[in-house]
Structures are given as structure tokens and as C-alpha cells.
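One structure below.
Laboratory data are not the source of any read-out in this text; all were calculated from the coordinates shown. As the structure is a computational prediction, the values presented were derived from the model and not from experiment. We place every Cβ from the backbone using ideal geometry, glycine too, and count neighbours over all the protein chains shown.
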Amino acid sequence: MKINSLTVKEVFHSLVTLEEGLTEDEAKRRLKEFGYNEIEEVKKKPLTFRFLGQFTHFLAVLLWIAALLSFLSEYLHPGEGMLTLGFAITAVVFINAIFTFIQEYRAEKALEEMKRLLPFYVKVIREGKEREIYAKEVVPGDVILLSEGDKVSADTRLIESNDIRVNNAPLTGESEPVTRVIEPFTGEIINSPNIAFAGTTVVSGSGKGVVFATGMRTEFGRIAHLTGTVTSGLSPLQKEIIKITRVIAAIATIMGVIFFATGHFIGRTFWENFLFAVGIIVANVPEGLLPTVTLSLAMGSQRMAKRMALIKTLTSVETLGSVSVICTDKTGTLTQNKMAVKRIAYIGEGIKTEGQGPSLLTVALLCNNTKEVEGNLKGEPTEVALYRAALESIGHVESRRIKEFPFDSDRKRMSTINSINGSIYAMTKGAPENIFTICSHCLRDGEILYFDEALRDKSVSLYYSMMDEGLRVLAFAYREVKSGEDIKSKEDVERDMVFLGLVGLEDPPRPEVPEAIKKCREAGIKIIMITGDGSRTALAIAREIGLVKGNSSIVEGSDFLRMSDDELRMVLSKEEVIFSRMTPKHKLRVVNILKEEGERVAVTGDGVNDAPALKRADIGIAMGIMGTDVAKEAADIILLDDNFATIVNAIEEGRAVYENIRKFISYIFSSNIPEIVPYLTYVLLRIPLPLTIMQILAVDLGTDMFPALALGAEKPSPAVMKIPPRSPKERLLNFPLLTRAYLFLGPIEAVAGLFGYFYVLNKGGWQWGEMLASNNILYLQATTACLTAIIVTQIANVFACRSFKESVFRLGIFTNRLIFAGIAFEILLQLFIVYHPFGNKIFSTHPISVEIWLILIPFALLLFSAEELRKLIVRRVWKKSLP
Amino acid sequence: MRDLGLTVYTKIFAAVNEHLNSEISARYALNLARACGAKLYICFIAEKGMSRLSFERAEDAIKRLFIKAEEMDIQVESIIETGEPVKEIHKIVRHEGIDIVFASTRREDIERRFYAGTIARSLSLALPCSVALVRVVHMGRIHPRNILVPIKAKIDHIKERAYFTAKMAESFGSKVFVFHATKPITKFFHGEIHLTPVEWEKRLPKDTSIFMEYLRKYQIEFEGRVLPGTTARSITIEAASKRHDLIIMGASERSLLSSIFKGNPVEELLRETPCDLIVLKPRHEDK
């Protein structure tokens, strides 16, 4: 038993109130008990805590420890450069924290938009008197007055109705006004016709009701609550970055400990070993990874914006690439939302389509609320299409409208009473199944016949055949109203009508959609259509655009409600699924089940009640043209053209971004080896340290950054949409990638670095075993040569990392011009480090001759050639392994 | 429905005052009394200095409840006393041998951290019988059809909890949704491991299974569900998204210190619940 199932008297009793309303004293008491009638923000982690969280995750803690040890080392052994290192590591923690925070931060404005849908003032009856109060002060038990244009402030059980009609669009997504009554209703509150819900608007009529739920406990508050609380969780990329940092942290720590122990056993001092261990850790940690990932995602979002997809959360760029299911609306997304009359069908031969009363087209023209404004037709798309078709065929018809019974979703029809040439006619249009039931006669070839079983069957099969063509079908009927006849209620009017015929309207699919769907099929992405249309129409459209080919599962809204989660899970596991006669509120359930099954879900939406589903999905996609502000605020992506094909383009970009992140991870990780190996030689061969910690940071946070970003801008390869969505089990940092970076590319760079180092030392007359002071010019030049070798080989490496298998020559050397800009930046920065006194001071370098640069170039060529050879072998082996 | 010879409520007590939510809370007690065939005590303790208007309101509420109880053929007794509420209720509970007390929490109670120092908390701690604290937030769902019952991995008084839930469900003809929110499974290098609902079901805690077994014995229609996530947040999302009408959960056993550091799901739920909430503090020992 719920409030909607009670009689008006019982409502008062249940809510402990009276028709005269509450007393002010009682209202105050209830306000204290139930709180303000307003949309509240759900308590969340404060922003400062979220920011501080960036300093306390695993990698950050590791770096803090390293920084503290560096400071401690400086305190105990001053002059070893550990203070600079401490500061550098601290800076790295801050840079990473700021970049990650920017990446994750997103202002929550969906609730702000929802608040705007509630009124500011409301008329109530208290102590028997009508008064206007702040809407937020409304309490359960308050008797409120509603009239045309009012926004409803709280969930209200109606106790008086003067043909009151409300627009429930914020709750149901249906823009057609619905009539409200006062009679008890035994179903659920949400479906009850005696309830006016908060956030909805009174379109016409007036009424009185008793408030039974306020604030966050209203249906509107429920949507706000879900919008504020449901989350899609961490994005796949965020999860991968966490995994990478843990793997790297483990490698760095293990290596640090092993080499610390090794140093101890070969007799080095504690401080030498300590410095060494910290150096190993710093060399292993890819300090520039997070900023590069963020900037790469930002560039991806720029490219998507050019393709009409506005990205609101940066990580969504990559998440799009991992999407395995798209739940999409039909109207306006798959179709153009440009309704046009495609077919008019009559029961007879269609030789004579008029009887004594109005013709089908006359009804289409007059039982219609389309307005002509400055030569343009304004109104609901279906009505405009009917009006246009009628106008083009029969022109304007002189008539006066006497009364209207608007469309509502229960009757699924609308009626008007018009006077034409002195005669009065009731004219009705609506869903055929709901028109057939009110017709007693029909028009066949100009003759009015009794609408017998045979004619009904014929009409139904005509209706079905039109739906099978993908048409939205409406039926038309009329009857003459005799003078003095009672026409007060719709029941009086909508009876004994003459069925005139059917009109099939087409909302043509967007031309780009079939190709986009084909792309999705090739890319292994499942598309689930969720539409308010009937099954046959939905299926026909789905066939036309290539969405379904075999035996598809079609679930009607009514079946959907009856299904258990397990039954729904079974349906959703099928290849081709269509949901028909659905309302947006059902989307959240579909998204939840898909996510529980491990799918990565994108969902489209435009209404207020789409917001929870948009928030829950991995990618919420709002419509830029049709969408409400609430939907746009709740979404991760806004489609500027409402076009399904744009989603597919964005997915293509997303997949490319993922591939590109892997490319620059290969690039960044390759330079870890030439950063680590000098430390190994330092401790194992007892030579002066070939590469200082600051020089390592110069590579990680300086010279590597721009070429890596350029790799992030690689265009999607055609193959990217030919492979299935990557498995959630697939790692960003997998074994082949690590092997290639650490065991193939990295060692070549390390050899180059050591060659440069020893070449300079040897040329300067250094003897093996001789230790050099940290400010010795020969030593400074040698470390500079080592650093330069890494930079030179990284230039070749950036080309090598443009693909995993494909030859760079096949990709085209000049196809990514940003690579050259990145290399130019890298060289300029290196020139500054090597030749500018300020650069020398910061990075402990010293100018070297051109000869050194020249002798390092062959190593770059070696790396490039070796990588081309590897790719060739991989391509051949891969090709052979294909069936 | 059988009582399985386990826990039986024979005397149910509803504390009523001048506030509307206490009357709504008492309606839950009323329905439970009917389902258990128990005697109902409707009691109002007037505090010193209470205004005449407040007194009359409480008296009216008692009258309405009394009439309703009689209409429902429930053996009922109304008590109006003056004094300090916790002390007086304690006396009556001891004297009459009350099995369970229903009391409503007030908005100002939940605004206090850990609702410390409130009458609701004092009753919950001081009374020698079971206590059901009711938080009324929605007046439209008079007879709950869907009851959400969040269960921790380890619970005590399983039999009484099951009995209470079953009787509430029986009195309203409701379906019960048993829900266990658990920590996500994580591995150091792999992060969070995704499990499907079927896989989660295999990890249903033993106590939850036992609880469901009792519901089955009581012939109550129910569904079980395990989901990873933060307890309070998961419960409110589940209740809001599935439109549950009532939540029945156990009282928090977390200490003040533990609540400060780890948070307190009951306290969070009292603040954010989208539907009425009953926090049960069972006292009947499992036999």
C-alpha cells in the first residue's frame, strides 16, 4: 500500500493533515524533522583531501622516502649533491601530483543544474489560508496549490484536479503532457496518475495536492542522489597507471636493495652504496610519465573536439578506446530526427479516400498543434511532418477548434473537436492499437462500413506491414458530434469513431550510421539500441542500418520490468539486442548489469533522468543539440552533432590514444637502461659515476617530454578499428613492451652512453681506476658525452617507437610533423645543457666538441636499423603465424 | 508462517512523542505486533516543561495508534507517564518484560556525530531488550513492498535478525533483498580484480547464507546479492536505484575511535537513506 492507492480521506489520515493544511507550528515542527525541501549535495571527500591523496599513493610515498633519505644524507655527508637530489625528487612528487589531480578533477555541476528545475516559491494552504512560501520550506503534509505554468516543488498526492496536466519530461523523458487525476491507483508511485512529481511542470489546468515526500526523498531527489553518488570507478587508464607504478616501484626497490647489498659485499662504504641505491631508484622511476600521459590525453581531446566530440574528463579519451558495448538511443542519434510522411494507407483500394466527413489529411491538419511562425512550422517533429504533408496535399482548411483532449502516454492518442462549415467533428489521431478500440466504423473507398472483425484484421495487418518498413505508424479517425451532445470528457468524445486510415512516418537513418555500425562490428563493439518506439519499427530501422542481421533479441519495456536481473543478464549476453518501448529510467539497470559482467560501457542520453546512467557508465555521452543541461553535466563526452558516427570516430581516436601511450611508454622506458647501466658500472667497475642524478632528471623530465608527446599525436592506423576491444586483462605495460624497451633498445643506448663517456675520458688521458673530482673538467665533459649519447640515440628511438611492427618507411617519415618539432626541442634543450653556463651549472655539464656528437651518430643509426630489422622479422613471423 | 521455536516477540513497545515521525515509527511496531501476535504498548513519556500543545499532539497520536491497533485486532495498551524518557521506558521495559522497543530517531539526532547523547542512542545502549530505531524520511511508502537488508560478513543474533526481518516482511507482504557490500578484491600488481555477480555469489559470507536460510524457513520471498564497494554508499545506491521502500540493518558495533577513523556506515546511512530505515539492536541470544 502506497500513498497513491489511498482515497483522498485516507491520504489526510495517513499524512496526519487536513484539507485546511497544517498549522504554522506543525509545519515548523515538520521542517525540523524532515529538513528543507531542496536538492542536497551528497557528502564527498573534500577537494583538499583529494589533492592531498595525490601525495600519499604508493609511488609518491616511495619518492618521499627517497627524498627524505637524500636530505638525511646531505645532513650527514654534506657536499655530495644530495640536497639537490632531495629537492628534485620532491619537485617530481609535486609535478606528478598536480598533473594527476588535474587529470582526475572534475567539477560536479549536474546537481546545480537539477536545482534550477525546482521552483523558488510555492502556494500552500496553512491554517485554512492560502499563502506563498519559499519552496524549500514545504513539508510532508502541506496542502499545495498548482496552476498552469507552476513548477511542482515536492512529490504531491493530488486531492483535487481541474483537468490538470503536467509535463513529466525531467522524470520520464517523455515530453508529452500527461493528465493527472485524484482517484486511487494501485500500481507503483512512479506510474501513478494521481501524483505530481517534484521538478515537473503544470502545463494546463489546476489542482490541489498533499505533499508526501520532500527534498532528496522525492523521485527527483532520487535521480539527484544517484547522479551525485554513482560513479563509473577508476578509468582503465588510471588502473593501468597504478599497476605500472607498482611494477616500476617494485623493480626500482628490488634493484636498489640488490645493488646496495652488492656494493656492501665488494667493500664500498655505506654512503657510496646509499647514493647508489637512491640513484638506481631515481633512474628507474619514469618521472615524466604522468605529465606526458596527461598532455597526450589533452591533445587527444583536442583532436576529438575537431571531430565533434567534446571531452569533459581527460581520461575518457582513452576509456573510449576500451569500450566494448554502446547503449544508444535511436531518435536523433541513429536517425536524423527529421520526421517525414512516407506512406498513407487506407483499408480499401484508396480510389476514394473521402466520405461525407473530414478526410484523413484534414484530420492530420486539424488534430494537430503545429504552428506556422514566419513561414516556418513549429511543433513536435511528428506533428510537423503530418501538418506539412496535409498542407502540401489539401492546403489550409477553414475550421474553428472548440476543444482539445491532449495526447497522453496512457491513451496514446489526442483528440480535438472542430467546427468545419457548420458541422462539428471529433477528430482523433494516435497509436493504431489505441484507435482501433474506439472505432465502430471505418471508411473504405468512400463508404462508411461497420468495422467488423475482418476489417479490423485487415487494418492490423496493414499496420504491421508498415511497421516492418521501419515506419512510425499513426491511425486517424473522426465522428460527427451531434448538437447538444455531451463532450466534456474524453470518454464522451473518443467513442464510436470512423477509422480513416494509417499514416507511416519515417525518421530516416543518418547516412553515416551504417558505415559507423560496420566499423563497430569490425572493431568487436556491441551496439544495444534502446528506443521508445515499438518493436517492429525498431527492428526495421535496426535492419536498415545494419545493426541486426541474424536473430536478434527484442525486449519490450513491459517485459523488461518483469525480468529478473539474471534473465536480463542472459538477454544482454546475446549478440544482437534491442530494447523497445523503453523509457530512459531503465538505462541505469542495463548499464549496471553490463558493468557487472565486466563490459566497458558507453551510454547515450539527453534527459534529466538519463543522468544516473550517464554517470554510472564508463563513458556517458550526452547529446549537444537535444540534451538537457543536466545530462550534459553528468556526461563525460558531449556530442556536438548528436550523431552516432561521432561516437565511433571518438572510439577510433581513443584506441589510437591507447596505442600512442604504449608507444611513448616504450620510448620513455628505453632511456631507463642507459640511466641505470652507468650506475652499475660505477659500482661494479669502480669508475667515476658516468651519469649524475640531475642528468637523469634532465632526460626524464626534459628532453624526453616533447618527443614523447609527439608520439602521443600519432594518427590512428587503419588497423586500429579492425581488432576487438582490448581485454581488461591486457596490460599497458606488458612483457613484450618491457623486453623491447629494457633488453633491446635500452642496451644499445647504454652502450652509446658508455662509449661517449669512455671516449672522452680516454682522450683526456684518464687511467683506469683513477677517481676524478666532481668538478674536474674532464669528468664533466665525460658525463656530458654520456648524456649526449642518450639524447642522440633517443632521437633515433622516437622514430623507432612510432610503431611496434610497421616499418617507419611504410608509415612515412614525415607523416607526424610533431616528431620533428619534438626532436628540435630535445636538441635545443641539450644544447642549452651542454653549452650554456646556466645549463652547465644546474646539470654539472661542460661543453664538448662537435666531434663527440659526430662519433655518437652511428649509434643512433645502429638503433634505428636494428629496430627496423626486428620489425621485419616480427612481421614475417606474425604473417606466417596467421592462418 | 512458522516461528521455528527460535525468537518470538510477545510484547512490543512503541515510544511516541509529539513528533510525526514517532507516530510513523509506531506504525511499524503496530504491523510487527500483528504479524507476531504480540501485545503492543504505546507509550508517551512527557518531559518536564513540555508545552500543552506538544502534550496534546502526543496524546492525539497515541489515540490514533490505539484505534488503529484495535481495528487490526491487536492487544494494545497505552501508557502516558511523566519523567525522564530513557529512565521511565527502562522501568516499563523491565516491569512488563518487553521484547523489543521501537523508537524514532530525529533529524537533530543524526546531525550529531555518532548521534551521541541522543535519546535514541541512550535507549539503544541502556535498554535490556532489543531496540529498533526508526528513521522516517518518506511518508508515501506506507506499506513497504521491497525491503533491503544489508548484512555484514559477520553478524551476531542471526536468528533474531532473521525473525524480525521475516515478520516485518510478512506483515507487509514484502519481498526481502539481502545485500552484502564487501571490499573489492585487489592484488598488489593487478589492482582490483573484477568478479561477475555469479562469482561474487560464491563468496557469500557464511552468516549471510545462514540468515538467508532462516528467511527460506520462514517462507519469505527473498533475493541475495553481493557487491563490492563502500558499505554505506553501496547501500544507498542500491536502495535508490531499485526503489526499495525500507532498509533494515543492524546497529553499529564500531567503537567511537573506530568510527572516527573508519567512518560509521549506520551513521552515514541515517543521514543519506533514500527510504525509511530501521536500525535493529538485537538482544535475544541465539539458542
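Some observations on this one:
- Take the Cα of A:LYS239, step 7 Å toward its Cβ, do the same at A:SER423, and the gap between the two points is 6.9 nm.
- Toward the positive end of the charge dipole of segment A:1-128, with +1 on the Cβ of Lys and Arg and -1 on the Cβ of Asp and Glu, the farthest Cα among A:ILE3, A:TRP64, A:ILE95 is that of A:ILE3.
- Shown here for segment A:710-758: trypsin sites (Lys or Arg not before Pro) in loop regions (DSSP other than H, G, I, E, B) with at most 15 other Cβ atoms within 10 Å, namely A:LYS722, A:LYS729.
- For segment B:63-170, the square roots of the Cα gyration tensor eigenvalues, ordered a ≥ b ≥ c, give a/c below 1.5, which places it in the rounded category.
- Interchain or long-range residues, amide H under 5 Å from A:VAL481's placed H: A:ILE424, A:TYR425, A:ALA426
- The alpha carbon centroids of segment B:34-55 and segment A:231-245 are separated by 55 Å.
- Springs join every pair of Cα atoms under 10 Å in this Gaussian network model of chain B, and among B:VAL101, B:VAL76, B:VAL131 the largest mean-square fluctuation is at B:VAL76.
- Sequence ranges A:793-799, A:633-639, B:227-233, ranked by mean other-Cβ count within 10 angstrom, highest first: A:633-639, A:793-799, B:227-233
- Free of any GluC sites (Glu not before Pro) that DSSP assigns to a loop and that have at most 13 other C-beta atoms within 10 Å, the longest stretch within chain B is B:1-220.
- Once the Cα-Cα distance is subtracted from the 0.36 nm per residue extended length, the A:VAL61 to A:ASP445 segment shows a gain of 129.7 nm.
- For segment A:23-95, fraction of C-alpha pairs farther apart than 15 Å, in %: 69 percent
- Charges were assigned to the Cβ only: +1 to each Lys and Arg, -1 to each Asp and Glu. The resulting dipole of chain B about its Cα centre is roughly 700 debye.
- Anisotropy class of segment B:176-245 from Cα gyration tensor, a/c 1.5 cut: oblate
- Shown here are the Rg and Dmax of the Cα trace of segment A:429-556, at 19.3, 67 Å.
- Per-residue shielding of B:17-29, expressed as the average number of other chain Cβ atoms within 10 Å of the residue Cβ, stands at 2.
- Computed [θ] at 222 nm, helices only, for the protein assembly as shown once each DSSP H run of length n ≥ 4 contributes -39500 (n - 2.57): -14000 deg cm²/dmol
- Proxy reagent accessibility, fewest Cβ within 10 Å first, across A:MET623, A:MET529: A:MET623, A:MET529
- Every Cα-Cα pair in segment A:662-792 was counted, and those over 22 Å apart are 45% of them.
- Legend: translational diffusion of segment A:158-312 by Stokes-Einstein, Rh = Kirkwood radius over C-alpha pairs, 37 °C, 0.692 mPa s; D = 149 µm²/s.
- Among the trypsin sites (Lys or Arg not before Pro) in segment A:319-415, those placed in a DSSP loop whose Cβ has at most 15 other Cβ atoms within 10 Å are A:LYS338, A:LYS352, A:LYS412.
- Spatial separation of Cα centroids for segment A:684-708 and segment A:801-837, in angstrom: 18 Å
- Cβ-based exposure ranking for A:THR48, A:THR294, B:THR208, in which fewest neighbours within 10 Å come first: A:THR48, A:THR294, B:THR208
- A:LEU780, A:LEU863 arranged by Cβ crowding within 10 Å, fewest neighbours leading: A:LEU780, A:LEU863
- To the nearest ten degrees, helix A:644-670 and the longest principal axis of the Cα atoms of chain A are 10 degrees apart.
- Each peptide among A:464-472, A:314-322 gets the average number of other Cβ atoms lying within 10 Å of its residues, and from highest to lowest they stand as A:314-322, A:464-472.
- Looking at segment A:11-54, the GluC sites (Glu not before Pro) that sit in a DSSP loop and have at most 14 other Cβ atoms within 10 Å of their own Cβ are A:GLU19, A:GLU20, A:GLU41.
- Degrees separating the helix A:850-881 axis from the principal Cα axis of chain A, which is the longest one: 50 degrees
- Considering only A:ASN609, A:ILE182, A:LEU818, the residue lying farthest towards the positive end of the dipole of chain A is A:LEU818, judged by Cα position with unit charges set on Cβ.
- Centroid-to-centroid separation of segment A:30-53 and segment A:551-569 [C-alpha atoms, Å]: 37 Å
- Computed over segment A:85-165, Kirkwood Rh from alpha-carbon pairs, angstrom: 17.0 Å
- For A:ASP566 and A:ARG543, the FRET efficiency from 1/(1 + (r/R0)^6), where r spans their Cβ atoms and R0 equals 30 Å, is about 0.55.
- Assigned charges on the beta-carbon of Lys, Arg, Asp, Glu; the protein assembly as shown dipole about Cα centre (debye): 2800 debye
- Each of A:SER670, B:HIS180, B:ILE119 was placed along the dipole of the protein assembly as shown (beta-carbon charges, centred on the mean Cα), and the one lying farthest toward the positive end is A:SER670.
- For B:LYS217 and B:THR186, the difference between the fully extended length at 0.36 nm per residue and the C-alpha to C-alpha distance is 7.6 nm.
- Chain B: angle of helix B:52-71 to the longest principal axis, Cα-based, in degrees nearest 10: 70 degrees
- Database remark: amide H of B:THR182 closer than 5 angstrom to the amide H of B:LEU227, B:GLY229 (H placed geometrically; neighbours at sequence offset of 5 or more, or on other chains; Pro and chain starts carry no H).
- Residues whose amide H lies under 5 Å from that of B:PHE102, counting only those 5 or more places away or on a different chain, are B:PHE13, B:ALA14, B:ALA15, B:ALA132; hydrogens are built 1.01 Å from N in the peptide plane.
- Cα gyration tensor of segment A:578-677 - equivalent ellipsoid semi-axes, whole Å, descending: 35, 16, 12
- Fraction of the pair-distance distribution of segment A:414-496 above 14 Å, Cα-Cα pairs, percent: 66 percent
- Chain A: Cα Rg divided by the 2.2 N^0.38 Å rule of thumb: 1.24
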